[in-house]
1. 5 Å is the cut-off here: which amide hydrogens, built 1.01 Å from N in the peptide plane, fall below it relative to PHE147, excluding neighbours closer than 5 in sequence?
2. Give, in nm to one decimal, the length gained when the segment between THR109 and LEU57 is fully stretched (0.36 nm per residue of separation minus the Cα-Cα distance).
3. Residues in the range 2-19 near a label at GLN169, defined as backbone nitrogen under 15 Å from the 7 Å Cα→Cβ point?
4. Would you mind getting me the FRET efficiency between LYS32 and ASP180? Use the beta-carbon distance for r and R0 = 22 Å, nearest 0.05.
5. Want the number for ALA64 to ALA261: 0.36 nm per residue separation, take away the alpha-carbon distance, what's left?
6. Just grab the label-to-label distance for LYS195 and THR161, each label 7 Å out from Cα along the Cβ direction, in nm (one decimal).
7. Scan the range 46-80 for chymotrypsin sites (Phe, Trp or Tyr not before Pro) in coil per DSSP, keeping those whose Cβ has at most 15 other Cβ atoms within 10 Å, and list them by number.
8. Rounded, prolate or oblate, given the Cα gyration tensor of the range 28-177, with a/c below 1.5 counting as rounded?
Amino acid sequence: MRMSAQEFLDWKSKSITLLAMSGAGKTTLANKLPKHKWFHYSGDYRIGTKYLTEPILDNIKRQAMDVPFLRELLLSDSIYICNNITVENLSPISSFLGKIGDPAKGGLTMQEFKRRQALHYHAEVSAMLDVPEFIRKAEDIYNYTHFLNDAGGSVCELDNTHVLDVLAQHTLIVYIKIPDALEQTIIHRAKTGPKPLYYREAFLDEKLNDYLALTGCTDADLIVPDDFVAWVFPELFKARVPRYQAIADQYGYTIDANAVASVQNEEDFMQLISDAIAQQQQA
């Protein structure tokens, strides 16, 4: 969706999609907006509570069945297992995605890891295609004035023009660009505390081959899971940045993460976006 800065400010019911790497401040920004006016749609939350609910629970149950005490209770329907996913706590999704590598060290085999990656891909596509309906419901049912789509960090990996067309048709797409200093902070944080992530299959295959050649390991199912995730994250970051920028250039606008961090309220946020629109029009 394209418009002038003034048209954006005059837009009565604003619908915005935020794109950025994890750590750029999307969720923090959302929490600074008036909760009674802005419907906060989290793509990751939708993925976990709608499209991956059953696989996530199956994964937990599989682990529980290895414990004799819990196995007996589950088989007799004496207990049940449920998720407690929130926008602030998406750990069940991460634990489901897992890390590729030696199962004896907490990893997943190549086959199982790719199966879960594929499930996440389809879940993320579906969650983003749900945005127009949630815009309607947010206003029609819940009487929210504005809508904020906090898209997952891997949206740029989907290679799905239909998803981007739908988002651009119904929302103003805003990319939060991470400056070099913050980039190094995010990379350092990711390397010291490796977390499960979604990867494009072509990217994963290429980087796995590079890692195996670098380490001399002969089989992806034997690598140390945390070591690979820590090694690959800077490569992933570098690969995602131009993808985000290409989306912003074609469909939306770019704002700086440092400027986002200085936002204190709704007025600051509106001004930041209108300035970005005006600046792009002058370029």
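1. LYS14, SER15, ILE16, PHE39
2. The span from THR109 to LEU57 would gain 16.8 nm if fully extended.
3. Under 15 Å, as judged by backbone N against the label point of GLN169, lie 2 of the range 2-19.
4. The formula returns an efficiency of 0.35 here.
5. Answer, rounded to one decimal: 66.8 nm.
6. 3.3 nm
7. Details: sites: TYR51, PHE69, TYR80; in loops: TYR80.
Answer in residue order: TYR80.
8. prolate
All of the numbers you see were taken from the coordinates with simple rules; none came from a lab. These numbers were taken from a predicted model, which means no experiment stands behind them. Please note: Cβ atoms are built from the backbone with ideal geometry, for glycine as well, and neighbour counts cover all protein chains shown.
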